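First up is the structure itself, then whatever we jot down about it.
The values are calculated or read from the model by the stated rules, or taken from the named source; none is laboratory data. Everything quoted here is computed from the prediction, not taken from an experiment. All Cβ positions, glycine included, derive from the backbone under ideal geometry; neighbour counts span all protein chains shown. Each accessible area value is taken on the protein alone, full model and side chains, heavy atoms only, with ligands, DNA and RNA left out. Shrake-Rupley method; radii C 1.70, N 1.55, O 1.52, S 1.80 Å.
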Amino acid sequence: MKHPFATLCLSGMWALLTTTVAAQSPKTATSDSIRHLDEVVVTSKLTFREVIPSQKLSGKQLERLNTHSVADALRYFSGLQLKDYGGVGGIKTVNIRSMGTNHLGIYYDGVELGNAQNGQIDLGQYSLDNVDEVTMYNGQKSAIFQTASDFGNAGSVYIRTRRPWFSYGETHHLKASVKYGSSDMIRLSALYEQKLSEHLSAAVSAGFVNASGKYKFRYRRVNIDGTTAWDTTAVRQNGDIHAERLEANLHGVLPEGYWSVKGYFYNSERGIPGAIVNNVWRRGERQWDLNNFYQAQWQKSFTDRFSSRVMAKYAYYRTHYVNSDSTQLPVDNTYYQQEFYLTTSHVYELLPAWSLSLSYDLRWNKLNADIYDFAYPTRLSHLMAAATAIDLAKVKVQASLLASVISDRTRSGGSQPTLTRWTPALFASVYPFRGRMLSLRAFVKRSFRMPTFNDLYYTNMGNAYLRPESATQYDAGLVLSKSWEHGMLRHVGLTADAYYNTVHDKIVAYPKGQQFRWTMLNLGKVHIKGIDVEAEADLQPIEGLTLTGRVQYTYQDARDVTDPATPYYRDQIPYIPWHSGSAIVGIAYRGWDLSYSFIYAGERYNEQENIIYNHMEPWYTNDLSLMYHFRHRKTTYKVTLEVNNLLSQDYDVIVNYPMPKRNYALALHIEY
């Protein structure tokens, strides 16, 4: 396998670390801190620092990247693969360490987003306009004061929206932006925050996007003998989108606690351009999505030793799918999902360095559809978790045990046998030196994911006898982090992890001509070996000038080891590149911010058999953004110019779904 990016990326990390460390005088090293890898939560005196550090993008890092949605931001995390079907309105999902999208939990302000129908959370629906921070954990979020579902995923992404904060004398904030770009794209967003009292505040955020989705692409395919089968340039059709988003929040402060209430509404109509095959350039598929949920949480510390949290959520999703393509059977179906979720968590400090927690989740899911002979399934899930954490001077240990009891029923009276699973996890970190500049960590965890309603009950496709996927994760790594208050070098960090995962009874979904339809395949057993490496540094050569750099590299070897008799035995599973990575470089001087980002995905295969016919070439993109911001009286203005895919590379993330060539955007942000 040729992998020039692996060598380039690792060399870049080494150069980034060695040159910046050499530039730092020892006299300037005054204090140690974990810059972005450890999270500090002040809402409970009993919250421990994390045993396993996270990957995080927040604040100005998010502003400088050419990111519109949560999916765009996640491209810069190691160990994640993004499935992107192209364009502003293309469906976007993520896969964690080759285990699949359904093993990754997505949490929005502390409550998990769900989709019992197909398990696919379309992260393109969640804008970054009102997001302060996006954090990703492998294994699980390692603070024990959390919901039971937090203990159940192989990995988690936490999206934290902006919470109102007012300086002395302030009573309100207003933030608005407008962006215009390629594909006739226009984005409008606004945020208003109001201080109602010393202990109560409110925030309303709204967004709108409209785009034709049209962009030029080159469609080129080569025969096995190396000759060109076809090579043409066309314009992507039927990729338009029209979407509105509205979010309202109410935040309250309690003595030693807080509470909040959220309402979220998203409505969209989009065209589904489909795959470019057999010289078909336009599809007749359209999809309407209505996604709204309401959630509330309450947390309070009753004593220095005991804290409790309660959260509740109701969600309603409607999906209307139409296929009027004359070459296929007409389809016009509507699906209705409902979800009710209730959770309670409690943590108690037995000793100053030893805590215990208990949590319980109740989740109810229901799916209806206007399809003949539909199963109308419902699912009731009970999750109970117990965890303990020990935080000593040089050692941190966390252990948890999750019990899951899940039962399905259908309208016809049929039911699946009640499933009961016990999934343990053990995490540990060791700090060999004073100051915790270096930490060594490891974890082992069992997890599983239930088959979705589509997997089990989809008409003419579902398999009611599917078993849940189960995964076992082993991870060992290190974190090196050092920060200084003075001097040219302000921060340097290195994280490295090696991992080995096994997945049994693996269920994999592939698009079958139409994005909304899926072909279900059970690979049986997969072995995954991988390495994640990330390096970063912040420098301040002169007053007012800041340089930041971040490089990450991922190696993954994910093999199907189900049956030696199959032609794809020990072949790399579809869409998993052996080598991938990204780099981000930022320069800030006075009112100017220049950001360059690079994303690379190596060679991979789009089917189970690793033969030349299924081979996909590596792809990479270069993105550039320039921002100028200034303040006039009490108002801050920001003007941003973005150039994406700077070199106008032709590439597919998913085979036959061409991505846009070079494209542009211009944005104006006003904050008062």
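Once amide H atoms are built 1.01 Å from N in the peptide plane, which residues 5 or more positions from V561, or in another chain, come under 5 Å H to H?
Placed amide hydrogens put K525, V526, H527, R570 under 5 Å from V561.
Grab the beta carbon distance between T420 and E244, set R0 = 41 Å, and tell me the FRET efficiency rounded to 0.05. Kindly include the intermediate steps, with their values, before the conclusion.
Working: r = 42 Å, r/R0 = 1.03.
E(calc), rounded to 0.05, equals 0.45.
Listed highest first by mean packing, meaning other Cβ atoms within 10 Å per residue, what order do 78-87, 657-666 come in?
Ranking, from highest mean packing down: 78-87, 657-666.
Could you tell me whether the chain comes out rounded, prolate or oblate from its Cα gyration tensor? Rule is a ≥ b ≥ c as square roots of the eigenvalues, rounded for a/c under 1.5, then prolate if a/b exceeds b/c, otherwise oblate.
Taking the square roots of the gyration eigenvalues as a ≥ b ≥ c, the chain is rounded.
Find how much the distance from T472 to A403 grows on full extension, using 0.36 nm per residue of separation minus their present alpha carbon separation; answer in nm with one decimal.
Numbers: separation 69, 0.36 × 69 = 24.84 nm, distance 1.59 nm.
Length gained, T472 through A403: 23.2 nm.
Considering only protein heavy atoms, with the full assembly of protein chains and a 1.4 angstrom probe, order Y219, Y314 by accessible area, largest first.
From most accessible down to least: Y314, Y219.
Once all Cα-Cα distances of region 279-393 are split into 10 Å bins that start at 0, what whole-number percent is in each one?
All Cα pairs, binned at 10 Å, distribute as 11, 26, 21, 17, 13, 8, 3 percent.
Can you run phi through the Karplus equation (6.51, -1.76, 1.60; θ = phi - 60°) for region 131-144 and list ³J(HN,Hα) in whole Hz, with x for Gly and Pro?
With coefficients 6.51, -1.76 and 1.60, one gets 9, 8, 7, 10, 10, 10, 10, 8, x, 5, 5, 8, 7, 6 Hz.
Take the alpha carbon atoms of region 522-594, find their center, do the same for region 114-160, and report the distance between the two centers in whole angstrom.
Region 522-594 and region 114-160 have Cα centres spaced 19 Å from each other.
Quick one: of K175/K482; K83/K394; K92/K141; K141/K366; K60/K92; K60/K83, which pairs are farther than 31 Å apart, Cα to Cα?
Long pairs (Cα-Cα over 31 Å): K175/K482; K83/K394.
Find how much the distance from W364 to L624 grows on full extension, using 0.36 nm per residue of separation minus their present alpha carbon separation; answer in nm with one decimal.
89.1 nm
When the helices in the chain are scored as -39500 (n - 2.57) per DSSP H run of 4 or longer and the sum is shared across all residues, what 222 nm value do you end up with, to the nearest 500 deg cm²/dmol? Please list the in-between numbers first.
Values: 4 runs with 34 residues, N = 672.
Here the helix-only value at 222 nm equals -1500 deg cm²/dmol.
Could the peptides 339-347, 531-539 be put in order, highest first, of the mean number of other beta-carbon atoms found within 10 Å of their residues?
Result, highest mean first: 531-539, 339-347.
Whole-Hz ³J(HN,Hα) for each residue in region 500-506, computed from phi via Karplus 6.51 cos²θ - 1.76 cosθ + 1.60 with θ = phi - 60°, x for glycine and proline: what do you get?
Running phi through 6.51 cos²θ - 1.76 cosθ + 1.60 with θ = phi - 60° gives 9, 10, 10, 10, 10, 6, 5 Hz.
Which residues does the label zone of H172 cover in region 192-224, counting backbone N under 17 Å from a point 7 Å along Cα→Cβ?
192-198, 200-206
How high is the relative contact order of region 351-408, in percent, with contacts defined as C-alpha pairs under 8 Å that are six or more residues apart?
Once divided by the residue count of region 351-408, the mean separation gives 36 percent.
Only four residue types carry charge here, +1 at the Cβ of Lys and Arg and -1 at the Cβ of Asp and Glu. Report the dipole size of region 222-312 about the Cα centre in Debye, rounded to the nearest 20. Walk me through the intermediate numbers first.
Details: 10 positive and 10 negative charges, 58 e Å.
So the dipole magnitude of region 222-312 works out to roughly 280 debye.
Search the structure for amide H atoms under 5 Å from the amide H of G119, placed 1.01 Å from N in the peptide plane, and list their residues when 5 or more places away or on another chain.
Long-range HN contacts for G119: none found.
So in region 56-195, what percent of DSSP beta bridges are antiparallel if you round to the nearest 5?
85 percent
Which order do D184, D109, D150 take by accessible area at a 1.4 Å probe, largest first?
Result, largest first: D184, D109, D150.
Estimate the FRET efficiency between Y219 and H504 by the formula 1/(1 + (r/R0)^6), using the beta-carbon distance for r and 30 Å for R0, to the nearest 0.05.
On the way: r = 39 Å, r/R0 = 1.29.
For Y219 and H504, the calculated efficiency is 0.20.
By what distance, in whole Å, do the Cα atoms of region 117-258 stretch along each of the three principal axes, largest value first?
Between the extreme Cα coordinates on each principal axis of region 117-258 lie 72, 38, 28 Å.
Per residue of region 610-623, in order, report the coupling 6.51 cos²θ - 1.76 cosθ + 1.60 (Karplus, θ = phi - 60°) as ³J(HN,Hα) in whole Hz, putting x for Gly and Pro.
3J(HN,Hα) across region 610-623, in whole Hz: 8, 10, 4, 5, 9, 6, 10, 6, x, 9, 8, 9, 10, 10.
Which of the three applies to region 147-198, rounded, prolate or oblate, going by the alpha-carbon gyration tensor with a ≥ b ≥ c and a/c under 1.5 meaning rounded?
Note, shape of region 147-198 comes out oblate.
Compare the peptides 496-506, 130-140, 194-204, 89-99 by average per-residue count of other Cβ atoms within 10 angstrom and give them in order, highest first.
Put in order of decreasing packing, that is 89-99, 130-140, 496-506, 194-204.
Run the dipole for region 524-644 about the Cα centre, Lys and Arg Cβ at +1, Asp and Glu Cβ at -1, nothing else charged, and hand back the magnitude in debye, nearest 20.
720 debye
Can you pull the one-decimal nm distance between simple spin-label points at E617 and L342, each 7 Å off the Cα toward Cβ?
My value for the distance between the label points is 5.8 nm.
Within region 53-132, what whole-number % of the accessible surface is contributed by carbon and sulfur, with the 1.4 Å probe and all protein chains included in the calculation?
On the way: 700 of 1610 Å².
On region 53-132, the fraction of accessible area on carbon and sulfur atoms equals 43 percent.
Averaging sequence separations of C-alpha pairs under 8 Å and six or more residues apart, then dividing by the length of the chain, give the relative contact order as a whole percent.
RCO, the chain: 13 percent.
State the extension gain, in nm to one decimal, for the chain segment bounded by Y180 and Y672, taking 0.36 nm per residue of separation less the distance between their alpha-carbons. Don't skip to the end; give the middle numbers.
Values: separation 492, 0.36 × 492 = 177.12 nm, distance 2.17 nm.
Full-extension gain reported as 175.0 nm.
Extending each Cα 7 Å along its Cβ direction at L351 and D373, get the distance between those two points in nm, one decimal.
Roughly 6.4 nm, to one decimal.
How far apart, in nm, are the 7 Å Cα→Cβ label points at R305 and R633?
Between R305 and R633, the label points sit 5.7 nm apart.
Express in Å², to the nearest 10, the accessible area of H486 obtained by rolling a 1.4 Å probe over the protein heavy atoms while all chains stay in place.
Looks like 110 Å² after rounding.
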